[in-house]
1. Which residue is farthest from GLU120 (Cα to Cα), if the candidates are limited to the stretch 6-35 and must be in a loop (DSSP other than H, G, I, E, B) and more than 15 Å from the chain's Cα centre (by Cα)?
2. Determine if the stretch 99-108 includes at least one residue that is within 18 Å of GLU46 (Cα to Cα) and surrounded by 15 or more Cβ atoms within 10 Å (Cβ to Cβ).
3. Considering only the stretch 1-13, how many residues are surrounded by 15 or more Cβ atoms within 10 Å (Cβ to Cβ) and either in contact with a Cys (Cβ under 8 Å, 6 or more places away or on another chain) or at pLDDT below 95 (or both)?
4. I'd like the full set of residues that are part of a helix (DSSP H, G or I), surrounded by fewer than 17 Cβ atoms within 10 Å (Cβ to Cβ) and β-branched (Val, Ile, Thr), limited to the stretch 36-80.
5. Take the conditions of a type in the set (D, E, K, R), out of contact with any strand residue (DSSP E or B) (no Cβ under 9 Å at 6 or more places or on another chain) and under 26 Å from MET1 (Cβ atoms) and apply them to GLU121. Does it pass?
6. Among what's in the stretch 14-35 and is within 30 Å of ASP117 (Cα to Cα) and of a type in the set (Gly, Ala, Ser), pick the residue that is surrounded by the fewest Cβ atoms within 10 Å (Cβ to Cβ).
7. If you check every pair at least six apart or on different chains, which have Cβ atoms under 8 Å apart with a residue in the stretch 43-66 that is closer than 18 Å to GLY86 by Cβ and small (Gly, Ala, Ser) first and a residue that is modelled with pLDDT of 95 or more and outside any helix (DSSP H, G or I) second?
8. Can you name the condition, by its number, that ASN84 falls short on among (1) under 20 Å from LYS16 (Cα atoms); (2) surrounded by 17 or more Cβ atoms within 10 Å (Cβ to Cβ); (3) in contact with a His (Cβ under 9 Å, 6 or more places away or on another chain)?
Amino acid sequence: MCVFCKILQGEIPCFKVYEDADTLAFLDIGPFEKGHTLVIPRRHGELLTDLTEEEAATLGVVTRRIGGLLMERLPCDGFNVMQNNGACASQVVPHVHFHVVPRWSGRDINWQSIKYDSTEEMAALAERLRG
């Protein structure tokens, strides 16, 4: 079972930002920026092409929603959306996921993982984004 499926089953904790019947969005533990959120489908699929068109569309809608939450509640000036398919494309966890990474004007893009100061900081940020 992949790490994201274990998160979905409650075997591994996460800091939830959003969830519904089909998707889960949570803070990345190795973010490029604080607030970096992962959006995943509840049904396991390794590649985007493993999802039905309806599942992919739902994931897109939630990804858009998360981008709006980041801009409104961090706030940030914009965001990147990334999605990798297969190890050759830098996919680390073999479960479909979208990265939604907050961005600020005047700050260089950093593609190196950073760390949160504490789990309390992550919990507080997840709560702020959930509203």
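1. Filtering the stretch 6-35 for residues in a loop (DSSP other than H, G, I, E, B) gives 9-15, 20-22, 28-35.
Still in the running and more than 15 Å from the chain's Cα centre (by Cα): 9-12, 21.
On the way: GLN9: 22, GLY10: 19, GLU11: 20, ILE12: 17, ALA21: 27 Å.
Out of the qualifying residues, it is ALA21.
2. Step one: of the stretch 99-108, the residues within 18 Å of GLU46 (Cα to Cα) are 99.
Those left that are additionally surrounded by 15 or more Cβ atoms within 10 Å (Cβ to Cβ): 99.
Yes - at least one qualifying residue is present in the stretch 99-108.
3. Within the stretch 1-13, residues that are surrounded by 15 or more Cβ atoms within 10 Å (Cβ to Cβ) and either in contact with a Cys (Cβ under 8 Å, 6 or more places away or on another chain) or at pLDDT below 95 (or both) number 1.
4. Scanning the stretch 36-80 gives THR49, VAL61.
5. Details: of a type in the set (D, E, K, R): yes; out of contact with any strand residue (DSSP E or B) (no Cβ under 9 Å at 6 or more places or on another chain): yes; under 26 Å from MET1 (Cβ atoms): no.
The answer is no for GLU121.
6. Let us first name the residues in the stretch 14-35 that are within 30 Å of ASP117 (Cα to Cα), namely 14-20, 23-35.
From what's left, of a type in the set (Gly, Ala, Ser): 25, 30, 35.
On the way: ALA25: 26, GLY30: 11, GLY35: 25.
Checking each candidate, the answer is GLY30.
7. GLY45/LEU51; GLY45/HIS95; GLY45/VAL96
8. (1)
The values are calculated or read from the model by the stated rules, or taken from the named source; none is laboratory data. Note that this is a predicted model, so its numbers are computed, not measured. Quick reminder, even Gly has a Cβ in these numbers, built from the backbone with ideal geometry, and neighbours come from all protein chains shown.
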